[in-house]
Each structure stands twice: as C-alpha cells, then as structure tokens.
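The values are calculated or read from the model by the stated rules, or taken from the named source; none is laboratory data. What you see is a predicted model, and the numbers here were worked out from it, not measured in a lab. Positions of Cβ are backbone-derived with ideal geometry, glycine not excepted, and every protein chain shown enters the neighbour counts.
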Amino acid sequence: MENEISLLIIYTGGTIGMIKDPKTGSLKPFNFHGVYEQIPELKRFHYRLDFHAFTPLIDSSDMSPERWIQLAEVIEKNYESFDGFVVLHGSDTMAHTASALSFMLENLNKPVIFTGSQLPLGVLRTDGRENFITAIELAAATEDNTPLLPEVCIYFENHLLRANRTMKYNAENFNAFVSPNYPELADVGVYIKYNRHHILKPNFKKLKVHKTLDNHIAILKLFPGITPEAVEGILHIPGLKAVIMETFGSGNATTETWFIRLLEQAIQNGLHIINVSQCPAGAVEQGKYDTSLQLKKIGVISGYDMTTEAALTKCMYLLGQNLTPEKFRYIMNLSIRGEITVH
C-alpha cells in the first residue's frame, strides 16, 4: 500500500510478551509473528508491522548498558525503513532504559514508544492489550507527514510521558508510572489529545547514535544517621567517576564537617557528584537553605528536577563522551533532551 505507515515492534522481554502454555499451564514467551491471532484488532490499523525480538529475551531486572546499546543499534539499523518504533519492555527498569535511549539517540525525529504491562498478554484481564494497541497508534501518529511524537516516550495505562521524566512508582496497579515534574504529552481517553507545546519539536537533522556508555557510577542515598564509613566506602570505590547523591527535600544534606570534607576531597580528586532530590516531585535548589549552601560551594553539581533515572543515564552518556570536567558540569546542567525544566 502506498504511503502505508510502517512500524517496528521490538520485544526485549518482560511481562507483556508472556502467554500461558496450554500444555503445561506455565508462562512462556509469545511469538509476536503470530500477534494478529492474539490481537486481531491490529488488522484494523492497516499499518505494516514488523517484529524484532531480542535473543535471548531479557527480564528487565537484567537490563544493562550493553543491552541499551543493542537496542539503540536495532533502531539505528532500521531507522530509515520505518516511521516509528514500539519497544516492549519489562516495567521494572523501563524508565532507566527509556531515559538512556533518549540520550543515546541524538537528533531523533521519529517516535520511540516504550510500553509493557503488569499482567501478561495471555491473561484474560491483561493491561497489555490496550497498552500495546495504543502505543502502536501513538507511534504512527502524524500531521502533514511529520511524526507527532519525535522523541522517546513511555505509554502506560492511558498516560503518555516523556521517557526521561518518568519513574515507576507502583508495583501492583496498572497505572505504574508517573512524571512528577513534567506534564503528560497526551491525554489518552476516548480521544487522544496531544499536548503539543510540551512535545519536543523535530529538528530534521541526521540521527546520531551514541554507543559509548560509562557505568562507573554509584548512587549515594542519604539518611539520618548515615556514617562516615558508609559515605567513604562509596566515594572510594575503585574506578568510580561519578556519584548520584539523593538528598533531602530541595537538595539538602547534613552539614557535619566530616561529610562536607569527604565530598570536597572526592570532588578535588576528580569525582563528579550530582545532587538529586529523594522527593519524586520538586527540584534541587542548592543554596536555598544553609544545609545545601556548602554543597554548592564545594562543587556539587545540581541535578535540578531530574529523576534519578535520568541523572544516572545522562551521567553514563556524558562520561562516555570523555569530556573535560567543566564541559561535563555545563552539559549536566543543560536540558539536552527535555530532561530538565529550564527556568
């Protein structure tokens, strides 16, 4: 069919792709080449759907930077042949993978829609069927032959969210994801109403795929009573290059002399320390209170309103660029894929 919309469905693994084996009663991976039998409604779209499955399939708990690179390479290889991409992924680390892809796919001008489910596709009351069907519709959406969603997104239970603004917050409900610091990209109900001024604009430049990620990173979550030994143990991990430090409220931390001294010494030795809030909503404002002023003075980098997932994957991406410390700090504070609210 001329001008037929073509989409590549990439199945990495996860709950959505499981069905019950009629012989054993256990769950097994679904063969997506038979998807029209499982979801006959897809025929009504009149899209060309092709499928690519990871071998072996990956539980989302086993996701890694190496798998992210593999996924980026699949998109790169097929980028010119398809109008959009739907990635089926386990929900546990979906926000991490989708955030990573947002940084790895520079000049992305086509939709990459992640989705999954809390119940397997082969279960009668699965949420996977609606998630999958709507993700396909979103990936195919165009206006004047231009994709409406030229960015990496997560679609789950009627919510279309920017990937690098998203976190999983509920392990049981179908509504598993939130975007605390950025509006939804579309209101998905009886109609799909796109919030266009919140969606990234296409730049029509050639896709550039970054395949070097550096995961010499640790997360330091502060808590009342944290010991010098605990902080020192993390800061002195061999080969460590960056720390995502989850602080209280708007970026606050203990002002104990030993704590500030350990951080300052680590920064002077070349370690990047990025300050993100433990609160899902809100932003780090270093210097707003005395309890964050010293962090600013010693060179801790503000993560502003980035999620931990976005800060972590952006950090991996930037470390892979082999930047100078000044350039790293500058870009960390810059919104390069819509991951930070710039005031």
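So here's what we get for this one:
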item	result
Residue that is within 26 Å of Y169 (Cβ to Cβ), assigned to a helix (DSSP H, G or I), touching a residue at least 24 places away in the same chain (Cβ under 8 Å) and in contact with a strand residue (DSSP E or B) (Cβ under 8 Å, 6 or more places away or on another chain), where the choices are F132, F85, F114, F103	F132
Options F103, F82, F45, F51: the member that is in contact with a Ser or Thr (Cβ under 7 Å, 6 or more places away or on another chain), of a type in the set (A, V, I, L, M, F, W, C) and over 30 Å from A311 (Cβ atoms)	F82
Residue match in the range 306-314 (condition: assigned by TED's automatic domain parsing to the domain that holds F328, part of a loop (DSSP other than H, G, I, E, B) and under 18 Å from R329 (Cβ atoms))	yes
Members of the range 51-61 that are within 17 Å of the chain's Cα centre (by Cα) and surrounded by 16 or more Cβ atoms within 10 Å (Cβ to Cβ)	I58, S60
Among the candidates L222, L200, L240, L263, residue that is of a type outside the set (S, T, N, Q) and crowded, with 19+ Cβ neighbours inside 10 Å	L263
Test result for I19, more than 23 Å from F204 (Cβ to Cβ), aliphatic (A, V, I, L, M) and in contact with a Phe, Trp or Tyr (Cβ under 9 Å, 6 or more places away or on another chain)	yes
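Each row is one residue, and each column tells you yes or no for (1) hydroxyl-bearing (S, T, Y); (2) crowded, with 20+ Cβ neighbours inside 10 Å; (3) under 27 Å from I340 (Cβ atoms); (4) assigned by TED's automatic domain parsing to the domain that holds T308.
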position	(1), (2), (3), (4)
V35	no, no, no, no
E41	no, no, no, no
M63	no, yes, yes, no
E80	no, no, no, no
H89	no, yes, yes, no
D92	no, no, yes, no
L101	no, yes, yes, no
P111	no, yes, yes, no
